[in-house]
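> Sharing a structure, written as C-alpha cells. Questions coming.
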Amino acid sequence: MSILTTASRPIDISSTDFWSEGSEKRRPEKLCVGLTYDLQAEYLARNYSPEETAELDSPETIDALEQSLRTLGYAPVRIGGIESLVGKLAAGERWDIVFNISEGMHGLGREAQIPALLDAYRIPYTFSDPLVLGITLHKGIAKHILKNLGIATPDFIVVKTLSDLDGHSLAFPLFVKPAAEGTGKGISSRSLVHNEGELRELCSDLLVEFRQPVLVETFLPGREFTVGVLGTGDRARALTPMEVVFQGESSGVVYSYETKKNYRELVEYSLVNGELGEACKDLALAAWGALGCRDGGRIDLRLDAENRPSFIEVNPLAGLHPVDSDLPILCRLSGISYEALIREIMTSALEREHNGKIVLHEF
C-alpha cells in the first residue's frame, strides 16, 4: 500500500478511487506540484541554434504535463528553468514535489543542477538524483560502470584529445558521437567511420564543435530498440521494447538528429515480443538498476553480429512530448495513455519519499 499523508488524513495513492476523476474519496487537499523545464523558444530567442536547443521542451509538452497533473488531482505550478527556480526559492516559494524535466544548457552537470538545488532545499522531485544524472549524461562513464558489472555494451574508448586514439585496438567500423549529448546531436552519416583517417577527422571536428569528450565504440550491425522503464529499484518494470526501423536510403543505419527530427518520414516503430523482447527487457532492467535510475525513462539497445542485445545509452530524463517523444510513443503502442504514464511517474516518486509518505508544506 502506498500512503500519502496530508494535513487531514492518510490517503492510499495506489487505490483506483484516488485516481478516479470526480471520486468522493479523492484527497481533500491537492499536492502542489512545481514544473521545472527549459523552453526551446526561450533559448532560440537568445540566438542559440535549433540543434543546440534540440533537447529542450515545447509549449505543447508543458501544456500536456500541466493538464495531466491537474486531471490526476494535483495542483501544478509552472516554475521554469534554473534561473527561475533560483529566484523563486530566494523569494520563499515552495512546492510539495517538483516534476522535473529540465535538461539544462551548460556543462556536463547540466541535468543535475536542478535536482541538486532541490536536494539542498529538501524538496522532493521526480526522476533521478544529481549523481545519476551526472553519470548517465556522460555516456562513457555510464558504459564504464556497466561494463565493469558485466552488462553487455560495445567496446569503446573516450577521446579527450586526439592523442587518446594512439594505439587503440578497436576494430572498424566504429561509431563516433559526443559523449554527453542527446536527441541525436552530433550524430550524422559521418558517425559510422571505416578507417583511421575518417576517425581522426571526425573526432577532431566533434571536439571543437561540442567542447566535450567524444565516445568511440564498436559499431553494432543489428537491429535497434528502445525500452521504456517505469518505477524505481525492485519496483521497476520494463515495457515491451520498441524497434526503430529505418525507412529509405536517406536514413541508413544512423538514428541521427535529422532522422529524429523527421521521424514520421524516415522511421517506423513496432513492438517486439517473444524471446528477443524478453532479452531486451532483462538487459534494460539490469542497466536501469545498476545505474540507480528512478521513476521512468528509456534504455537504448542494439543487437550485435550474433543478435544479442547490447546497451547503447540510457535516458533518465526522457522526452515527454505527448505525440513526438519516444517514451510516450512506445507507451501509446503498448496501450498506455499519456495520462497513465504521468500517473505512474508521480506514483513512483511519491512512493519512494519517506517510505511513501509526504507531508504538505504550509503556505
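> So, with a 1.4 angstrom probe, what is the percent of accessible area on the chain that is carbon and sulfur? Mind showing how you got there, number by number?
Numbers: 7970 of 15960 Å².
Roughly 50 percent of what the probe reaches on the chain is carbon or sulfur.
> What figure in square angstrom, to the nearest 10, would you give for the accessible area of residue 201 with a 1.4 Å probe?
110 Å²
> Along the Cα→Cβ direction, 7 angstrom out, place labels at residue 70 and residue 333. What is the inter-label distance in nm?
A separation of 3.2 nm, rounded to one decimal place.
> In square angstrom, what is the accessible area per residue of the chain with a 1.4 angstrom probe?
On the way: 15960 Å² over 363 residues.
Per-residue value: 44 Å².
> In terms of solvent-accessible area of protein heavy atoms at a 1.4 angstrom probe, what is the ranking of 166, 300, highest value first?
166, 300
> Given 0.36 nm per residue, what is the gain on full extension from residue 47 to residue 189 after removing their alpha carbon distance, in nm?
Full-extension gain reported as 48.5 nm.
> Starting from the Cα coordinates of the stretch 25-82, work out the convex hull volume and express it per residue in Å³.
Considering the Cα atoms of the stretch 25-82, their hull volume per residue is 69 Å³.
> Same structure, new question: Please compute, over every Cα-Cα pair in the stretch 64-203, the percentage with a separation greater than 20 angstrom.
So the portion of pairs separated by more than 20 Å is 60 percent.
> Let me ask another. Gain in length, residue 271 to residue 58, computed as 0.36 nm per residue apart minus the alpha-carbon separation, to one decimal in nm?
Extra length available between residue 271 and residue 58 comes to 74.0 nm.
> Short version: what are the Cα gyration tensor semi-axes of the chain, square root of 5 times each eigenvalue, largest first, in whole Å?
After scaling each eigenvalue by five and taking roots: 36, 23, 19 Å.
> Now, a different point. If the chain between residue 307 and residue 116 were fully stretched, how many nm would it gain, using 0.36 nm times the residue separation less the Cα-Cα distance?
Between residue 307 and residue 116, full extension yields an extra 64.8 nm.
> Over the chain, what is the relative contact order in percent, taking alpha-carbon pairs closer than 8 angstrom and at least six residues apart?
Contact order relative to length: 18 percent.
The values are calculated or read from the model by the stated rules, or taken from the named source; none is laboratory data. Computed from a predicted model, the values in this text were never measured in an experiment. Note that we place each Cβ from the backbone using ideal geometry, even for glycine, and neighbour counts take in every protein chain shown. Just the protein is used for accessible areas: all its heavy atoms, side chains included, with ligands, DNA and RNA removed. Shrake-Rupley method; radii C 1.70, N 1.55, O 1.52, S 1.80 Å.
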